[in-house]
1. Which numbered condition in (1) closer than 19 Å to residue 362 by Cα; (2) surrounded by 15 or more Cβ atoms within 10 Å (Cβ to Cβ) is the only one that residue 346 fails?
2. Under the condition of being assigned to a loop (DSSP other than H, G, I, E, B) and in contact with a Cys (Cβ under 9 Å, 6 or more places away or on another chain), which residue from segment 50-70 is farthest from residue 244 (Cα to Cα)?
3. Residue 266 is checked against (1) more than 18 Å from residue 61 (Cβ to Cβ); (2) surrounded by 21 or more Cβ atoms within 10 Å (Cβ to Cβ) and fails just one. What number does that condition carry?
4. Those residues that are under 20 Å from residue 226 (Cβ atoms), in a loop (DSSP other than H, G, I, E, B) and not hydroxyl-bearing (Ser, Thr, Tyr), I need them from segment 241-284; list them, please.
5. So which of 291, 242 is within 24 Å of the chain's Cα centre (by Cα) and either within 22 Å of residue 80 (Cβ to Cβ) or not assigned by TED's automatic domain parsing to the domain that holds residue 70 (or both)?
6. Can you pull out every residue in segment 71-80 that is among the β-branched types (Val, Ile, Thr) and either without any contact (Cβ under 8 Å) to a residue 60 or more places away in the chain or assigned to a loop (DSSP other than H, G, I, E, B) (or both)?
7. Any chance segment 203-212 includes a residue that's modelled with pLDDT under 95, among the acidic types (Asp, Glu) and in a loop (DSSP other than H, G, I, E, B)?
8. Looking at 63, 70, which is the one that is assigned by TED's automatic domain parsing to the domain that holds residue 342 and within 20 Å of residue 281 (Cβ to Cβ)?
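The values are calculated or read from the model by the stated rules, or taken from the named source; none is laboratory data. Since we're looking at a predicted model, the values are computed, not measured. Cβ atoms come from the backbone with ideal geometry, glycine included; neighbour counts cover every protein chain shown.
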Amino acid sequence: MAALATGGPAQQQQSARATTSFQRKGPDGGGGGGRLAVLPGTRPSVRHGQLLLSSGVPSLDYVLGGGLAVGTLLLIEEDVYGIYSNLLFKHFLSEGIVCGHHLFVASDKEEPADIVKELPSPLLSTAVNEIEEEATAVKSKQDSQESMRIAWRYQNIPKLEVTQAACSKFGHYFDLSKTMAPELIQNIKWYGFPLLEEKALYPDIKSCNMADGYTRLLHSIQKVIHQQGFDGSTPQKKQRNILRIGIQSIGSVLWGDDICSTENPQNIHSLTKFMYALRGLLRTSLSACIITIPAHLIQNKAIMERVTNLSDTVVGLESFIGSERETNPLYKDYHGLIHIRQIPRLNSLSCDVSDTKDLAFRLKRKLFIIEQLHLPPDLSDTVSRTSKQDLAESAKLLSSGCTAMAIGKKHLDF
């Protein structure tokens, strides 16, 4: 019996491994396969394991499930005047500079160098602490008013999620009143694609049944990915880093496409071919892309639906400038609405859907903030309906389909 109980170190180690199914992963463990390499400015998602990077707006990261996954495409539907979509575009690039990522900037009408010079500056730590203190104060105020509910039915209504987004340590805040310091820009590498200059330097290029500008842009992005070490499908000797790609106002006439000028464009599949090829480059590289598109100018809505399906994340901006909501007192605290059109499903059957559906954005003196839309209570003494005459007109319309309804000036009685 003693001989059975004793054994060499090798036998004891084998018996110990046989008694448990848990094995340590890593170079020293027997599990094979190492940990996911975390690059600067990224973090792994606890849901699907993909590397995430910040969009530059922490509140938007929270709505999108923690951030943008590396290798995905974020499509921004521009507002009517392109003011706020341009802010999201610049926040995405500014976040890349702060994190030390490489940038690729493409524009149809602006010089990439001018765009980089006008990027907002990161907020100081003291200002960030003030934002977090303000968010904590808002949360404590909500907790103190918990006992002052109007009715029991409102107990299950979700609370504001802005406080959770504001307290997130992932991503940075940016001061819109200041521009990025030149020293920070010089510390990173960025690549520009001025469309007008590219057409002048290389007038002849094969289009591949795409608009001339799309073909040039794809060749330029592919060249940077393969030559600068961002290709994830081949081993690289250089230190790994992230490439942030920003494309402004895709689909406009300056790109050589006519989808914004006619309902039946000459090449209806030009933009969709570009999006399909671009996603193929993103999936096999350490890069992420943001694209702004003037969706309100595209005549054929079927094209916009195809572009949405070929994107990973789609966010629409609706500005109040020039609309009736600009003077409506109910929306006096906001500058527009934000619509989450699509969220990607990465390595899972479901996506990170936020409980909050109604979102709005507002532009403070320094910050661009996204929060849940909540309208103030109607405290006026007047009734919601304007007059009994309006109700009588409604009764006329309903009386045609139902003989029992009131006729003439009689109003509906609820």
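1. (1)
2. Going through segment 50-70, the residues assigned to a loop (DSSP other than H, G, I, E, B) turn out to be 50, 54-57, 64-67, 70.
Next, from what is left, pick out any that are in contact with a Cys (Cβ under 9 Å, 6 or more places away or on another chain): 54, 65.
On the way: 54: 11, 65: 19 Å.
In this case the residue turns out to be 65.
3. Result: residue 266 fails condition (2) only.
4. 241, 242
5. Values: 242 fails: either within 22 Å of residue 80 (Cβ to Cβ) or not assigned by TED's automatic domain parsing to the domain that holds residue 70 (or both).
Exactly one residue qualifies, and that residue is 291.
6. First pass over segment 71-80, keeping only residues among the β-branched types (Val, Ile, Thr): 72, 76, 80.
Passing the criteria: 72, 80.
7. Just the residues of segment 203-212 that are modelled with pLDDT under 95, to begin with: 203-212.
Filter again for among the acidic types (Asp, Glu), leaving 204, 212.
Okay, now just the ones that are also in a loop (DSSP other than H, G, I, E, B), so 204.
Yes, some residue in segment 203-212 is modelled with pLDDT under 95, among the acidic types (Asp, Glu) and in a loop (DSSP other than H, G, I, E, B).
8. On the way: 63 fails: within 20 Å of residue 281 (Cβ to Cβ).
The unique qualifying residue is 70.
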